[in-house]
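Participant: For reference, the structure I am asking about is given below.
The values are calculated or read from the model by the stated rules, or taken from the named source; none is laboratory data. Fair warning: this is a prediction, and the values are worked out from it, not measured in the lab. Here the Cβ positions follow ideal geometry from the backbone for every residue, glycine too, while neighbour counts run over all protein chains shown.
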Amino acid sequence: MPFCFGRRFLLAALSSLTLAAAPAWAQEDAPLVAAASDLQFAVDDIAAAFEDETGMRVRLAMGSTGNFARQIREGAPFEIFMAADEQFIADLHADGFTRDEGDLYAIGRLAIVAPHGADLTPDADLDNLAEMLDAGRIMRFAIANPDHAPYGMRAREALQAHGLWEALQPALVLGENVSQAAAFALSGNAEGGIIAWSLALAPQLAERGDYALIDAELHSPLRQRMALLENAGPVAEAFYAYLMAPAAREILAQYGFAPPEE
């Protein structure tokens, strides 16, 4: 059975990966943005550019799309929701939590990763993972929890497409979100993992391991959609518009996100 790694280990593994919420001129006045954790580094850069250009700030909360959707239903005070899977936005809109159906802002991709020195060789078709699994050489392999994290859902699809899902169950380590899965996969305590390509491209992580972009045919698309929530104010509206502007699109492209029209 897969397991989720403990709190103490997680805090240590994430110590250099944590994205602090952006400060605000008055913290309670800065809108709170719920962003899928595959955006961890990209949206931080976008928020910094937005502040430089407009003088306005937002606070960023990073986490699992599924968990954020649940929190929004429970009354969490987010003003923008940047989901990693558009279905969560559609469901929230149907139940009256968003102003409208929102906008596609990016297409995400999966990557397989192995820390430097690991025996696993990342490849687009997961062939080496299959070989190592057959040889009994995969003891720990990290993905985001597919129960609520879209990148975990797509990782499961890719593994199922290659016939690896069942055999990999005893070795699976589930991160609460894809950033946590990346932290464990690159910690040296696992042979590797499947994470967001956007995280693999981030300078903060790129130097830690070897990566390969997984064949997109192995999983359904990661169509990432965002929406303004019902309580969104003027600063949130301005940031939302900025997320659709060329400057933000360029930053997203730097982290491997394809524009939604592709």
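Participant: Could you say which residue among VAL178, VAL173 is within 30 Å of PRO77 (Cα to Cα), touching a helix residue (DSSP H, G or I) at 6+ places or on another chain (Cβ under 6 Å) and β-branched (Val, Ile, Thr)?
Facilitator: Working: VAL173 fails: within 30 Å of PRO77 (Cα to Cα).
Matching residue, one of VAL178, VAL173: VAL178.
Participant: List the helices (runs of 4 or more DSSP H) that sit entirely inside the stretch 159-262 and contain at least 1 residues that are under 30 Å from MET56 (Cβ atoms) and in contact (Cβ under 8 Å) with a residue 60 or more places away in the chain.
Facilitator: Numbers: elements: 165-168, 178-185, 197-201, 203-206, 234-243, 246-254.
Per the criteria, 178-185, 197-201, 203-206, 234-243, 246-254.
Participant: Condition check: under 18 Å from LEU252 (Cα atoms), at pLDDT 95 or above and in a strand (DSSP E or B). Does ALA84 satisfy that? Walk me through how you get there before you give the answer.
Facilitator: Working: under 18 Å from LEU252 (Cα atoms): yes; at pLDDT 95 or above: yes; in a strand (DSSP E or B): no.
Judged against the criteria, ALA84 is not a match.
Participant: Here is a further query. How many residues, within the stretch 61-81, are surrounded by fewer than 22 Cβ atoms within 10 Å (Cβ to Cβ), among the aliphatic types (A, V, I, L, M) and in a strand (DSSP E or B)?
Facilitator: 1
Participant: State whether one or more residues within the stretch 224-243 are among the basic types (Lys, Arg), under 29 Å from GLU79 (Cβ atoms), within 16 Å of the chain's Cα centre (by Cα) and not assigned by TED's automatic domain parsing to the domain that holds THR121.
Facilitator: Of the residues in the stretch 224-243, the ones among the basic types (Lys, Arg) are 225.
From what is left, the residues that are under 29 Å from GLU79 (Cβ atoms) are 225.
Restricting the remaining residues to those that are within 16 Å of the chain's Cα centre (by Cα) gives 225.
The next check asks that each one be not assigned by TED's automatic domain parsing to the domain that holds THR121; those that pass are 225.
Yes, because at least one residue in the stretch 224-243 is among the basic types (Lys, Arg), under 29 Å from GLU79 (Cβ atoms), within 16 Å of the chain's Cα centre (by Cα) and not assigned by TED's automatic domain parsing to the domain that holds THR121.
Participant: Suppose we filter the stretch 163-173 for residues that are crowded, with 18+ Cβ neighbours inside 10 Å and out of contact with any strand residue (DSSP E or B) (no Cβ under 7 Å at 6 or more places or on another chain); how many remain?
Facilitator: Number of matching residues: 1.
Participant: Output the number of residues of the stretch 116-128 satisfying the condition of being in contact with an Asp or Glu (Cβ under 8 Å, 6 or more places away or on another chain) and surrounded by 12 or more Cβ atoms within 10 Å (Cβ to Cβ). Lay out the reasoning, then the answer.
Facilitator: Step one: list which residues in the stretch 116-128 are in contact with an Asp or Glu (Cβ under 8 Å, 6 or more places away or on another chain), which gives 116, 118-122, 124-125.
From what's left, surrounded by 12 or more Cβ atoms within 10 Å (Cβ to Cβ): 118-122, 124-125.
Residues in the stretch 116-128 being in contact with an Asp or Glu (Cβ under 8 Å, 6 or more places away or on another chain) and surrounded by 12 or more Cβ atoms within 10 Å (Cβ to Cβ): 7 in total.
Participant: For residues in the stretch 212-262 being of a type in the set (Ser, Thr, Tyr) and buried (at least 21 other Cβ atoms within 10 Å of the Cβ), which is nearest to GLY102 (Cα to Cα)? Break it down stepwise before answering.
Facilitator: Quick first cut of the stretch 212-262, residues of a type in the set (Ser, Thr, Tyr) only: 220, 240, 242, 255.
With buried (at least 21 other Cβ atoms within 10 Å of the Cβ) added as a condition, the list becomes 240, 255.
Details: TYR240: 10, TYR255: 22 Å.
Only one residue fits best here, namely TYR240.
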